[in-house]
Number of protein chains: 2
Amino acid sequence: MSQPLPSWADSATTRGIIEFVERVSGGGDGAVPAPERVAVFDNDGTLWTEKPMPTQLHFIVQQWAAAAAADPDLAEHQPYLAAVSGDFAWLGAALDKHYDGDDSDLQLVIGAILAATAGESVVDYERSVAEFYRSAKHLTLGTPYRDAVYRPMVELLRYLEEHGFTCYIISGGDRDFMRPITAEYYGIPPERVVGSAVGLSYDADSAEVRYGTTFDFMDDGPIKPVRIWTRIGRRPIMAAGNSNGDIEMLRYTQGSPHSLALLIHHDDTADRGDAAYDSGAEKALAAAKEHDFTVVSVRDDWTSVFAASGAADM
Amino acid sequence: MSQPLPSWADSATTRGIIEFVERVSGGGDGAVPAPERVAVFDNDGTLWTEKPMPTQLHFIVQQWAAAAAADPDLAEHQPYLAAVSGDFAWLGAALDKHYDGDDSDLQLVIGAILAATAGESVVDYERSVAEFYRSAKHLTLGTPYRDAVYRPMVELLRYLEEHGFTCYIISGGDRDFMRPITAEYYGIPPERVVGSAVGLSYDADSAEVRYGTTFDFMDDGPIKPVRIWTRIGRRPIMAAGNSNGDIEMLRYTQGSPHSLALLIHHDDTADRGDAAYDSGAEKALAAAKEHDFTVVSVRDDWTSVFAASGAADM
């Protein structure tokens, strides 16, 4: 067959995706008007690697280390201690504990995240995030984060857009940490990036929007459908995720008369920094069986994993 | 001159708008890349009439009257009493009191708005709102609300889009009360409608998003720039409003290197249901002088006010 998704294997999964896209964008049974062709994508672990830990933690660790250097008392407490000592495992474990229902370490992380931006304007934060992405290297791949993007998923984004879809990111990660690079890495502009958010306020003196001292919401699990409605005002017809936090988004999407729910399964064991893991996806894999999600095997359904370069070159 | 805005007079205001649009969309000094050409519009009093009271109050009055008919005890209390007795003046006054800093009556209104939708799914609400718009007539014009839209503003929306702008509604009104009709009336799809919102939750049993029992935020005054950042992630280069609640949005927009801030001034006295009024715009008119907003005189800058038909026919 002609292959619109070159980094995808000629598998039943790939054929299922193509059949879905052709059906909803065609003129026959199952056609969906273009404005309603909304597709939503989780980010970490779905559009790019989340191992050894989400990129956002790498960034925040740098900020905490700098803060602890300026105020040595901080270095005696978590998560600053982990940042100064390079104990990334503590941070990864904090997220794993969250997925297991224990938020205690994640609350320390969130508190320190809030402290790092309290009072900062959104444009100053945007600038420091962009600077991080220009210089940082992925911790195991050793490449810029731009090359930690999953090439098959960028191909899928473009393929969907060619068929009249509008694609959004719906991530548990910080919305404003993604926005500076999603257009370049994925071809998705800032207005279509949905994520967790720190509370904001308007500073009339400087005419700037600034971060406050509280977390507004964590865009994960049952909050994902809520944020989808808030931001888009439509129920998606396609969704892709990879973890327990994506189950509700996938189920919400399946409420559409014609829908496709993809669950990326990291069953590959190749030596590429993104080793096989089900951790944080156990419930999602069980839900896939119960609710007929389409499971995408990274090992069997993708012929290459990482983009040698980002969306702009594809 | 050739006139791209047929319902606008050949005035300095109109020429200023056209010069701005041509400059930012042209190739010379002051050019702004298309993705950054974001324009934001207040709704009530800016894109359509808000007199004798915002359309949303007309809708909610019908809902309250129905609720009071089912439960006569309700009819002894405001705002149900006003709904049953047809005392629309009480409702208009509640909003005027809000703009004067007294929220007591508005809180009664908000409480009753919340009671009307608590537990309802967003799609059921969408359906009842759409049904209202199909049958309701504007209280003084006697036409469908579709014809209470300001024709010059719809022309401006289309003109901006033809020059690469993306237009959003940023309204103090309920977001989900606008979404069912903004595509038809204004050519603005639901994902570009920003407004006040009731808190939502995801109901996993039905896979539906439902309204809760609390008000999430009131998208007015300093909250408008916050919602603009949250939803769009860019600072607009053009904004249009008409009341005190739009000052911060207009000032935020002026933080862009090239910007246009429009304040619609209802100084017309023609007998068309939308008589001259400065009420609720006193501070905005003062801010216009101080900060150089472009004041649009409905009397002098518009040659016709209401659309005989909506966006689809223009």
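The values are calculated or read from the model by the stated rules, or taken from the named source; none is laboratory data. Every value quoted in this text rests on a predicted model; they were computed, and no experiment measured them. A quick note on method: Cβ atoms are made from the backbone with ideal geometry, for glycine too, and the neighbour counts reach across all protein chains shown. Heavy atoms of the whole protein, side chains included, go into the accessibility calculation; ligands, DNA and RNA do not. Shrake-Rupley method; radii C 1.70, N 1.55, O 1.52, S 1.80 Å.
For the range B:239-253, what are the residues that are out of contact with any Gly (no Cβ under 9 Å at 6 or more places or on another chain) and at the interface with chain A (Cβ under 8 Å from one of its Cβ atoms)? Show your work before the answer.
Taking the range B:239-253 and keeping what is out of contact with any Gly (no Cβ under 9 Å at 6 or more places or on another chain), we get B:239-240, B:251-253.
B:ARG251, B:TYR252, listed by residue number.
Within the range B:102-124, take every residue that is charged (D, E, K, R) and open to solvent by 40 Å² or more (accessible area, probe 1.4 Å) and give me the one that is farthest from the other protein chains (Cβ to nearest Cβ). Break it down stepwise before answering.
Here is the first cut: in the range B:102-124, the ones charged (D, E, K, R) are B:102-103, B:105, B:120, B:124.
Cutting the leftovers down to open to solvent by 40 Å² or more (accessible area, probe 1.4 Å) gives us B:102-103, B:120, B:124.
Numbers: B:ASP102: 22, B:ASP103: 19, B:GLU120: 13, B:ASP124: 13 Å.
So, considering only residues that are charged (D, E, K, R) and open to solvent by 40 Å² or more (accessible area, probe 1.4 Å), the one farthest from the other protein chains (Cβ to nearest Cβ) is B:ASP102.
Inside the range B:287-314, can you point out the residues that are open to solvent by 10 Å² or more (accessible area, probe 1.4 Å), at pLDDT below 90, touching a helix residue (DSSP H, G or I) at 6+ places or on another chain (Cβ under 8 Å) and not hydrophobic (A, V, I, L, M, F, W, C)?
Within the range B:287-314, B:SER309 is the sole residue that qualifies.
Select, from B:TYR99, B:TYR150, B:TYR145, B:TYR125, the only residue that is over 28 Å from B:VAL305 (Cα atoms) and touching a residue at least 60 places away in the same chain (Cβ under 8 Å). Break it down stepwise before answering.
Working: B:TYR99 fails: over 28 Å from B:VAL305 (Cα atoms); B:TYR150 fails: over 28 Å from B:VAL305 (Cα atoms); B:TYR145 fails: over 28 Å from B:VAL305 (Cα atoms).
Selected residue: B:TYR125, the only one of B:TYR99, B:TYR150, B:TYR145, B:TYR125 that is over 28 Å from B:VAL305 (Cα atoms) and touching a residue at least 60 places away in the same chain (Cβ under 8 Å).
Evaluate the range A:29-40: report whether one residue or more is within 22 Å of A:VAL305 (Cα to Cα) and more than 14 Å from every other protein chain (Cβ to nearest Cβ). First the steps, then the outcome.
Start the filter on the range A:29-40 by keeping residues that are within 22 Å of A:VAL305 (Cα to Cα), which leaves A:39-40.
Cutting the leftovers down to more than 14 Å from every other protein chain (Cβ to nearest Cβ) gives us none.
No.
Of the conditions (1) in contact (Cβ under 8 Å) with a residue 60 or more places away in the chain; (2) under 18 Å from A:TRP90 (Cβ atoms), A:LEU47 satisfies every one except a single condition; which number is it?
(2)
Just name the residue that is surrounded by the most Cβ atoms within 10 Å (Cβ to Cβ) out of those in the range B:141-192 that are of a type in the set (Phe, Trp, Tyr) and more than 16 Å from B:MET238 (Cα to Cα).
First, pick out the residues of the range B:141-192 that are of a type in the set (Phe, Trp, Tyr): B:145, B:150, B:159, B:165, B:168, B:177, B:185-186.
Then drop every residue that is not more than 16 Å from B:MET238 (Cα to Cα), which leaves B:145, B:150, B:177, B:185-186.
Numbers: B:TYR145: 21, B:TYR150: 23, B:PHE177: 24, B:TYR185: 24, B:TYR186: 26.
Applying the filter and picking the extreme gives B:TYR186.
From A:SER279, A:SER206, which residue is over 30 Å from B:PRO222 (Cβ atoms) and in contact (Cβ under 8 Å) with a residue 60 or more places away in the chain? Show your work before the answer.
On the way: A:SER206 fails: over 30 Å from B:PRO222 (Cβ atoms).
Exactly one of A:SER279, A:SER206 is over 30 Å from B:PRO222 (Cβ atoms) and in contact (Cβ under 8 Å) with a residue 60 or more places away in the chain, namely A:SER279.
Grab the helices (runs of 4 or more DSSP H) fully contained in the range B:86-138, keeping just those with 2 or more residues being more than 18 Å from the chain's Cα centre (by Cα) and at pLDDT 90 or above. I'd like the intermediate steps shown before the answer.
Values: elements: B:88-99, B:104-117, B:122-135.
Answer list for the range B:86-138: B:104-117, B:122-135.
So, in the range B:202-216, of the ones that are within 9 Å of another protein chain (Cβ to nearest Cβ) and part of a loop (DSSP other than H, G, I, E, B), which residue ends up least open to solvent (accessible area, probe 1.4 Å)?
Within the range B:202-216, the match that is least open to solvent (accessible area, probe 1.4 Å) is B:ALA207.
Does at least one position in the range A:225-238 carry a residue that is more than 9 Å from chain B (Cβ to nearest Cβ), part of a strand (DSSP E or B), modelled with pLDDT of 95 or more and more than 24 Å from A:VAL129 (Cβ to Cβ)?
Within the range A:225-238 (the criterion being more than 9 Å from chain B (Cβ to nearest Cβ), part of a strand (DSSP E or B), modelled with pLDDT of 95 or more and more than 24 Å from A:VAL129 (Cβ to Cβ)), the answer is yes, since at least one residue qualifies.
Looking only at the range B:150-172, how many residues end up being in contact with a strand residue (DSSP E or B) (Cβ under 8 Å, 6 or more places away or on another chain) and within 14 Å of chain A (Cβ to nearest Cβ)?
Selection size over the range B:150-172: 7.
Condition first: more than 19 Å from A:THR214 (Cβ to Cβ), of a type in the set (S, T, N, Q) and within 14 Å of chain B (Cβ to nearest Cβ). Can you find one or more residues in the range A:135-142 that meet it? Working first, answer last.
Applying the first criterion (more than 19 Å from A:THR214 (Cβ to Cβ)) to the range A:135-142 yields A:135-142.
Then drop every residue that is not of a type in the set (S, T, N, Q), which leaves A:135, A:140.
If we keep only those that are within 14 Å of chain B (Cβ to nearest Cβ) too, we end up with none.
No, that holds for no residue.
Please verify whether the range A:259-278 includes one or more residues that are open to solvent by 50 Å² or more (accessible area, probe 1.4 Å), modelled with pLDDT of 95 or more and assigned to a strand (DSSP E or B).
no
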